[in-house]
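This report refers to the structure that appears directly beneath it.
The values are calculated or read from the model by the stated rules, or taken from the named source; none is laboratory data. Since we're looking at a predicted model, the values are computed, not measured. Quick reminder, even Gly has a Cβ in these numbers, built from the backbone with ideal geometry, and neighbours come from all protein chains shown.
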Amino acid sequence: MRELLTIFATVFLAELGDKTQLATLLFASDSKMSPLSVFVAAASALVLSTAIAVMLGTAAERHLAVLPLKLIAGIGFVAIGLWTIAGHFKVL
């Protein structure tokens, strides 16, 4: 149960304020859209993308067990952050 709560809290906090949540908020603010439809579509998309991530993570663990995956993921996040910052200054 503790593992489930840890995963839930981590994913919940990571999703707060991200682009996906903001897009969902914008769809929900459209008066032509049913709030239930927005909820079902957004929840389904999150479930599907999570299922894909779990499958890829499981496959990566099997085939890349010798590589430090957390380190590689961290480097990837830093690279994306640097790329985003560079893009900001490139526009100015």
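Checking each residue in the stretch 55-92 for being of a type in the set (Val, Ile, Thr) and surrounded by 10 or more Cβ atoms within 10 Å (Cβ to Cβ) picks out Thr58, Ile72, Ile75, Val78, Ile80, Ile85.
One line per residue, one yes/no per condition, for (1) β-branched (Val, Ile, Thr); (2) in contact with a Leu (Cβ under 8 Å, 6 or more places away or on another chain):
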site	(1), (2)
Ile7	yes, no
Glu61	no, yes
Leu64	no, no
Leu67	no, no
Ile72	yes, no
Lys90	no, no
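Ser49 falls short of the stated requirement of being exposed (fewer than 10 other Cβ atoms within 10 Å of the Cβ), free of Cβ contacts under 8 Å to residues at least 40 places away in the same chain and hydroxyl-bearing (Ser, Thr, Tyr).
Any idea which residue in the stretch 1-17 is modelled with the lowest pLDDT, counting only those that are surrounded by 10 or more Cβ atoms within 10 Å (Cβ to Cβ) and under 14 Å from Thr50 (Cβ atoms)? Within the stretch 1-17, the match that is modelled with the lowest pLDDT is Glu15.
Leu82: in a helix (DSSP H, G or I) and under 14 Å from the mean Cα position of the chain (by Cα), yes or no? No: the conditions fail for Leu82.
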